[in-house]
């Protein structure tokens, strides 16, 4: 029994060493926890930033794809040399364009990121009388283009297609695919 009692008695110096050791370990554990959290925050911010960039790139590519489909139909109609006035298309006029940005774009194209050196005939493309207005429903019923979600105007003389929504890149809105990197160009 005496032997057992001696084992249960604690050595005060040993206890002090254990407490000092625990304090050291707690400090190291706290530092490693802080470093781990910092690394996770950095990785998370990088991943979030990359996902935002990817999302915006997908929006741009989607805009270009939709505008390319419309452009293909416009090219087809222009090559058939059909009189577009006989097709029942709605001309762009002040009452139609009053709710949209179209007239402002035609009056000052460079203010709306339209590169007038690329695919822009100042005489023909700046004249609202040369444009026809299409809603998504018109694109479906009159041109047979489904799944379009934007109002557009088309100049069949120059084959210029302008969207009312556009796509935003780095704080700037672009209304034509021709003005975007990766967009089609007019011939």
Practice problem: Output the number of the condition that residue 174 fails; it satisfies all remaining conditions of (1) more than 22 Å from residue 89 (Cβ to Cβ); (2) without any contact (Cβ under 8 Å) to a residue 40 or more places away in the chain; (3) surrounded by 13 or more Cβ atoms within 10 Å (Cβ to Cβ). | Solution: (2)
Quiz item: Looking at the range 92-187, what strands (runs of 3 or more DSSP E) fall wholly within it and have at least 3 residues that are closer than 30 Å to residue 55 by Cβ and at pLDDT 85 or above?
Solution: 152-155, 160-163, 167-169, 172-174
Quiz prompt | So residue 70, is it under 19 Å from residue 158 (Cα atoms), in contact with a strand residue (DSSP E or B) (Cβ under 8 Å, 6 or more places away or on another chain) and either in a helix (DSSP H, G or I) or at pLDDT below 85 (or both) | solution = yes
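The values are calculated or read from the model by the stated rules, or taken from the named source; none is laboratory data. This one's a predicted model, so the numbers in the text were calculated from it and none came from an experiment. Note: ideal-geometry Cβ built from the backbone for every residue, glycine included; neighbour counts use all protein chains shown.
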